[in-house]
Structure formats: structure tokens, C-alpha cells
């Protein structure tokens, strides 16, 4: 599939399982949104140190929330691509089953990429590896590999197609950001009204709440688009490089299917 085909099919995949994807996101982002809004309202008149603390806490909450739903969303998107039905409980069971490995991979990626990006020499390598490792979480969940193997496997799939992966990843991110931004407009408008009436005033509680609600809804609605795009791109790379479509056809002729990730409850 070409770039446009990936995005078009991702939206179709999302629409065909809209309720499931929305529910997976809502389970995490609604509590996170409430916590972040409460922090902003309680400490809105605090000094710069408290503001920095809020930003750090909110960043960590967002990071762990993303990791918490990562496995569930990847599993749901993969099952949708295979045209297999799944439930919210099954998706979250897989997410829980891979939680520690997902957390370990997330922390490893963060420190590795951050460590490289803070130096002039390392910054280009950080950009390269960011996209070379773009399938690492997908490989971890779909193929059930370990952390180290997921990184190497991702680089294998991206190798020779790095620019193509970059283009599709950036386009998916732009689409997600634009749609998500529309949900934040009420908060932005309310905040702008406060600044016009008093340029030195902080955003009103109403503006803060509207902005947080809009951001939360935007994340819930748009995040699955990116996951669907990455799943489609992952399987498309496997078809291009490994003949995965032929493997699927052979399995169907034999009456077997691709094995699901474990639905066990152990971590």
C-alpha cells in the first residue's frame, strides 16, 4: 500500500471498530484528564516552582497512561486487521499481560533517545533510531518477543524503507494533531477571551476545564488512528519483506490462523 492507502485503510479500520477503540482510550484518559485538571485548578495560583512540578507530574502521568493502554490498543488494532472479533476485556488482559515488558521498553527508549538527543552529534542518531524503532511496541505485543529482540526486529522491518516509514508516521501524527486540536478550541477561545479582557490574568477555571475536557476527548477520539496506521504499516512491511500475505494464505489453506498474543493474566 502507498502512503495514502495506509491512512485511508487506517481510518476505515478505526471506523469499523469505533466503539472498542474509544472505550479502550476512555478507560485510561478520562481518569488521567480528571487528575490533571484537578492539579491545574488546585495549583493555578502557585509560583513557578509549583508550576514546574505540575508539568513534571502531568508528564509522568501521561507517559504511564500511554504505556498502560499501549498493549490493549495494539492488540485491538492487530485483531481488527486480521478480521477477528475481540472484546474490551481481552484487549486489556493482553495489555496487563505485557505491562512490565511495555514499561521496560518505554523507559529504555526514553533514556536512550533522550541521552542521544542532548548532544549535537547524537541528535541525528536519535532521530534515525526513533523511526527505526517505531515498530518495537507492535513487535513486542503481536509477536510476543522480549525487549531487546523487539528493537532489533523493528530495525529489520524498517531497514530499506526508513523514509517511507517517516513519511507515513509524520502524516498520521499531523492528522491526529489537527483533529485533536479541534476538540481543544472551546478552551482556547475561553482562554483568549480572558486574556483580551485582562492580559495579566491567568486562564479562568472555566477555560482550564474546557481545555482539559477538549484535550481528553481529542486524545480518546484520535489516538486510535495512529495505532491503526502503525498496525497497517507493520503488516505492510512484513508483506513487502517477508511475504506475510503468502504465509497467511498458506495458513488458511491448512485451516490454521495466526496465533493471538497470550490472554493469560500473569505479568
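Quick check, is residue 75 under 16 Å from the mean Cα position of the chain (by Cα), modelled with pLDDT of 85 or more and more than 17 Å from residue 17 (Cα to Cα)?
No: the conditions fail for residue 75.
Yes or no: the range 43-50 includes at least one residue that is out of contact with any strand residue (DSSP E or B) (no Cβ under 6 Å at 6 or more places or on another chain), within 20 Å of residue 212 (Cβ to Cβ) and in contact (Cβ under 8 Å) with a residue 60 or more places away in the chain.
yes
Given the criterion within 19 Å of the chain's Cα centre (by Cα) and at pLDDT below 90, identify the matching residue among 108, 116, 99, 140. Steps first, please.
Numbers: 108 fails: at pLDDT below 90; 116 fails: within 19 Å of the chain's Cα centre (by Cα); 140 fails: at pLDDT below 90.
The conditions single out 99.
Per-residue answers, yes or no, for (1) at pLDDT 65 or above; (2) surrounded by fewer than 19 Cβ atoms within 10 Å (Cβ to Cβ); (3) under 21 Å from the mean Cα position of the chain (by Cα):
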{"site": "180", "(1), (2), (3)": "yes, no, yes"}
{"site": "194", "(1), (2), (3)": "no, yes, no"}
{"site": "205", "(1), (2), (3)": "yes, yes, no"}
{"site": "216", "(1), (2), (3)": "yes, no, yes"}
{"site": "228", "(1), (2), (3)": "yes, no, yes"}
{"site": "236", "(1), (2), (3)": "yes, no, yes"}
{"site": "244", "(1), (2), (3)": "yes, yes, no"}
{"site": "260", "(1), (2), (3)": "no, yes, yes"}
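Among residues belonging to the range 119-137 that are without any contact (Cβ under 8 Å) to a residue 60 or more places away in the chain and closer than 30 Å to residue 82 by Cβ, point out the one that is nearest to the chain's Cα centre (by Cα).
Across the range 119-137, the extreme among qualifying residues is 136.
Report yes if residue 167 is at pLDDT 85 or above, in a loop (DSSP other than H, G, I, E, B) and either touching a helix residue (DSSP H, G or I) at 6+ places or on another chain (Cβ under 7 Å) or exposed (fewer than 13 other Cβ atoms within 10 Å of the Cβ) (or both), otherwise no.
Here the answer is no, as residue 167 does not meet what is asked.
The values are calculated or read from the model by the stated rules, or taken from the named source; none is laboratory data. The structure displayed is predicted, hence computed values, not measured ones. All Cβ positions, glycine included, derive from the backbone under ideal geometry; neighbour counts span all protein chains shown.
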